[in-house]
Amino acid sequence: MAQKAETPTPDEAATPAVGKGRATPSRAEQEAARRRPLAPDTKEAKAAARARLNEQRNRARDGMANGEEKYLPARDKGPQKRWARDYVDAGFHLGEFVMPIMILVLLTSMIPVTEVYYIAFMVLFVYVLLMIGDMLILARNVKKKLAAKYGADRLERGLGWYSAMRSMQMRFIRLPKPQVKRGQYPA
């Protein structure tokens, strides 16, 4: 027997259908639909995350080298430390040349003549004493000039030591990189 296609009567069309028109999914089906990995596990996602991390590291390294306050470690932050860095970078200091002199002494110590060996180490010893004297004078000058600029009661601790240690590094390996040329002492 053939069934006729039922067409809704005008009364049935006016009444809204009950329900949402589909079956309610079970809890297991809902949980399965929501389930996804916590972190994307694709190679592309890992490569993109690695690229972002490398970009952030490069930006931080460049910012630190250029002396941007945001990227500096705590030991280098602040206007007094910046002033001390600029003061050290503006001058010549004996500590900058200690490594090349040590290499020369090492090379001369390979000469099998005892007098040359003895003289080379005496020169190095005298140079180290002069370098320590230069560092002490630099530390005193930095503290005195910063006390005059910022006030003795507002002076940060460790500025003399900070300046002395910076003066021992060769200019091209200092971090943050020197922002002033030689002879451009800060005001």
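The values are calculated or read from the model by the stated rules, or taken from the named source; none is laboratory data. Please read all numbers here as calculations on a predicted model, not as lab measurements. Every residue, glycine as well, gets a Cβ built from its backbone with ideal geometry; the counts of neighbours run over all protein chains shown. Just so you know, the surface numbers come from the protein's heavy atoms only, side chains and all, with ligands and any DNA or RNA stripped out. Shrake-Rupley method; radii C 1.70, N 1.55, O 1.52, S 1.80 Å.
Of all the options Pro73, Pro25, Pro100, the one that moves most in a Gaussian network model of the chain with Cα springs shorter than 10 angstrom is Pro25.
Put a plus charge on the Cβ of each Lys and Arg, a minus charge on the Cβ of each Asp and Glu, and nothing anywhere else: the dipole of the stretch 88-187 about its Cα centre is then about 640 debye. Taking every Cα-Cα distance in the chain and sorting them into 10 Å bins starting at zero, the pair-distance distribution P(r) comes out as 7, 19, 17, 13, 10, 8, 6, 6, 5, 5, 3, 2, 0 percent. Magnitude of the charge dipole for the chain, about its Cα centre and with charges confined to Cβ atoms of Lys, Arg (+1) and Asp, Glu (-1), is about 440 debye.
Okay, helix-only estimate at 222 nm for the chain: each DSSP H run of n ≥ 4 adds -39500 (n - 2.57), divide by all residues, round to 500 deg cm²/dmol; what do you get? Can you show the working numbers first?
On the way: 7 runs with 106 residues, N = 187.
Computed ellipticity for the chain at 222 nm equals -18500 deg cm²/dmol.
Take the alpha-carbon centre of the stretch 109-187, take the same for the stretch 63-79, and report the distance between them in whole Å. That distance is 21 Å.
Assign unit charges at the C-beta atoms only (+1 for Lys and Arg, -1 for Asp and Glu), then state the dipole size of the stretch 63-144 relative to its Cα centre in Debye, rounded to the nearest 20. It would help to have the intermediate numbers written out before the result.
Details: 9 positive and 8 negative charges, 101 e Å.
The dipole magnitude comes to about 480 debye.
Accessible surface area normalised per residue over the chain is 76 Å², counting heavy atoms of protein chains with a 1.4 Å rolling probe. Across all directions, the average projected area of the convex hull around the alpha carbons of the stretch 52-155 is 9.6 nm².
If I stretch the segment between Met99 and Phe121 completely, what's the gain in nm (0.36 nm per residue apart, minus their alpha carbon distance), one decimal? Mind dumping the intermediate values first?
Values: separation 22, 0.36 × 22 = 7.92 nm, distance 1.38 nm.
Stretched out fully, the Met99 to Phe121 stretch lengthens by 6.5 nm.
Hey, if you put +1 on the Cβ of every Lys and Arg and -1 on every Asp and Glu Cβ in the chain, which of Leu146, Ala84, Ile103 ends up farthest toward the positive end of that dipole? The residue sitting most towards the positive pole is Leu146. Surface composition of the stretch 47-166: carbon and sulfur make up 67 percent of the accessible area, probe 1.4 Å.
Once the Cβ-Cβ distance of Leu106 and Arg157 is raised to the sixth power relative to R0 = 30 Å, the FRET efficiency obtained is 0.25.
Kyte-Doolittle cut-off -0.5, length cut-off 27 Å along the helix's own axis using Cα: show which whole DSSP H helices in the chain pass.
Values: long enough: 43-65 (33 Å, -1.45); 114-150 (54 Å, 1.05).
Taking the DSSP H segments of the chain (at least 27 Å long, mean hydropathy at least -0.5), we get 114-150.
Counted by Cβ distance under 15 Å from Asp41, the other residues give a net charge of +4, where Lys and Arg count +1 and Asp and Glu count -1. Distance between the pseudo-spin-label points of Lys145 and Val180 (7 Å out from Cα toward the beta carbon): 0.5 nm.
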